[in-house]
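For reference, the structure discussed in these notes is given below.
What follows draws every value from the coordinates through simple rules; no lab data is involved. Note that the structure is predicted; figures quoted are calculated from it, not measured. Ideal geometry is used to build each Cβ from the backbone, glycine not excepted, and the neighbour counts take in all protein chains shown.
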Amino acid sequence: MRKNNFLKITTYAAVFGLIGGMSFEGTTYISNKYLNKSAVESTSSTTKSIDNTKTLSSTSTKTSSSDGVSGISENVLPSIVAIDVKTTETSTDVFGRTYKQDASGSGSGIIVAQDSKNIYIATNNHVVADANSVSVTFNDKSVYSAVVKGTDSDSDLAVVEVPVSKLSADTLSNIKVATLGDSSKTKVGAQAIAIGNALGYGTSVTVGYISAKDREVSSEDTNMKLLQTDAAINPGNSGGALVDSTGAVIGINSSKYADTSVEGMGFAIPINTAIPIINDIVKSQTVSEDEQAYFGIKGTDVSSEYAQYYNLPEGIYVSSVTSGSPAEKAGIKKGDVVVKYKGKDVTTMEGLQEKMSRSKAGDKVEITVKRADNGEYKEVKVTVTLGRKSDAPQETTDSSSSEGNSDSDNGSTNNGSDSNSGQNSRNGGSFFN
């Protein structure tokens with residue numbers, strides 16, 4: 001399957017503008033078991049669902065063919081939201097001086113589940129990454145503050161939540177939970193409808209077809225197998241729904257091929273890929289500081305570019321293993337490449353840390369690594385009993401040499417960072433420098 005250089009893929013978090021009227025763009029557009037009957041409607045006859053949630057009424061998948069796209073859209077739109085974020089942009093001038101400016105951006109989201117406490121909205125990680133605040137505009141134009149429940153940067157997925165108690169009765173009666181389809185049954189040539197908050201103007205609808213399935217697309221940090229469509233996916237559509245002719249969600253819109261010579265190449269994360277990740281995020285509980293997990297490796301991202309150039313597996317190259325750590329006790333070795341955590345693909349330290357942040361000290365987790373054996377990399381699975389942050393060796397030098405103790409606060413580490421849960425490790429480019 002042909003690989004596309006994702007450096008030419010433009011992800012759309014929205015048209016991100018500096019507060020003050022300026023706007024800009026780059027490779028990324030910064031841009032019925034409830035307590036009462038006023039709970040959100042949920043999708044009926046869903047083919048896929050988010051676990052451990054209760055829903056009432058939903059978008060239907062029985063739209064009459066005579067209604068066409070307009071009927072499908074009318075049915076699905078109550079499950080689509082606009083997401084607005086505020087962030088802080090940092091820039092450096094030619095003299096090395098650093099400036100910070102407030103910025104805002106827009107994206108889309110899909111109401112995928114509800115329980116007795118919250119409405120859960122799926123979106124792209126790049127829509128809400130580094131957001132200082134998040135607000136959601138529902139189909140009835142009502143606006144509410146939202147909280148990022150969790151993220152998975154490896155899959156570019158995130159979940160934001162809005163407390164049910166904060167929503168008015170009118171809003172609860174107007175919004176619905178989306179019907180989730182089965183993307184494995186989607187056929188090339190089938191109709192596809194993209195719905196989202198294009199350009200931050202509000203929800204809009206575009207129509208096309210499924211151009212390809214399992215299209216392997218490479219970014220700097222990871223490869224993803226996506227649905228390809230010629231339905232227009234514009235800035236702000238990120239996190240919105242790609243639905244089939246029945247109105248079931250088959251994908252989460254994420255990106256578009258950006259090139260002056262290319263027309264109609266949009267991509268969406270298959271819903272079958274997204275559901276287990278969203279489930280993990282929705283079900284995750286806040287881990288108290290004394291229960292935060294400790295793994296005990298230092299690692300560096302192996303991007304698809306470096307993997308091809310150096311003939312290494314994509315994943316996290318283990319540059320060192322802390323003596324006596326859970327990783328060492330489980331048999332993880334220097335030179336291993338971590339590729340899965342609890343059966344889920346990991347390609348970056350940031351992604352590993354995000355997944356670890358949903359685990360507790362004492363949890364037994366399966367880690368899959370690829371290990372060099374006579375010139376070939378072979379898959380090895382080990383079970384690691386995660387340690388406790390307080391038991392991790394304390395740093396004695398700079399932050400890049402820390403030993404894998406978890407931290408619930410978001411921070412930033414340099415390449416060669418450790419497996420601290422909850423920290424961000426975005427720089428994978430200096431691995432072989």
Burial ranking of peptide ranges 71-82, 304-315 (average Cβ count within 10 Å, highest at the top) = 71-82, 304-315
ask   = Packing-wise, with mean Cβ within 10 Å as the measure, how do 98-111, 160-173 rank, highest first?
value = 98-111, 160-173
task = Be a star and scan the stretch 154-198 for residues whose amide nitrogen sits under 20 Å from the point 7 Å along the Cα-to-Cβ vector of Lys342.
result = 154-161
inquiry  = Please compare each pair in Lys149/Lys213; Lys213/Lys298; Lys187/Lys342 to a cut-off of 32 Å on the Cα-Cα distance and tell me which ones are over it.
reply    = Lys213/Lys298
key: Global form of the stretch 190-230, assessed from the alpha-carbon gyration tensor, a/c cut-off 1.5   = oblate
ask   = Can you work out the FRET efficiency for the pair Val382 and Asp290, with r the C-beta to C-beta distance and R0 = 25 Å, to the nearest 0.05?
value = 0.45
ask   = When ranked by the protection proxy of mean other Cβ atoms within 10 Å per residue, highest first, what sequence do the peptides 371-380, 149-158, 281-290 form?
value = 149-158, 281-290, 371-380
task = Determine, from the Cβ-Cβ distance of Tyr310 and Val143 and an R0 of 45 Å, the FRET efficiency 1/(1 + (r/R0)^6), rounded to the nearest 0.05.
result = 0.40
inquiry  = Beyond a 23 Å Cα-Cα separation, which of these cross-linked pairs lie in this structure: Lys333/Lys355; Lys344/Lys381; Lys100/Lys389; Lys141/Lys166; Lys344/Lys364; Lys117/Lys283?
reply    = Lys100/Lys389
ask   = Whole-Hz Karplus ³J(HN,Hα) for the stretch 375-389, in order, using 6.51 cos²θ - 1.76 cosθ + 1.60 and θ = phi - 60°, x for Gly and Pro?
value = x, 10, 9, 10, 6, 10, 10, 10, 9, 10, 8, 5, x, 9, 3
key: Long-range amide H partners of Ile119 with built H, under 5 Å   = Val162, Val164
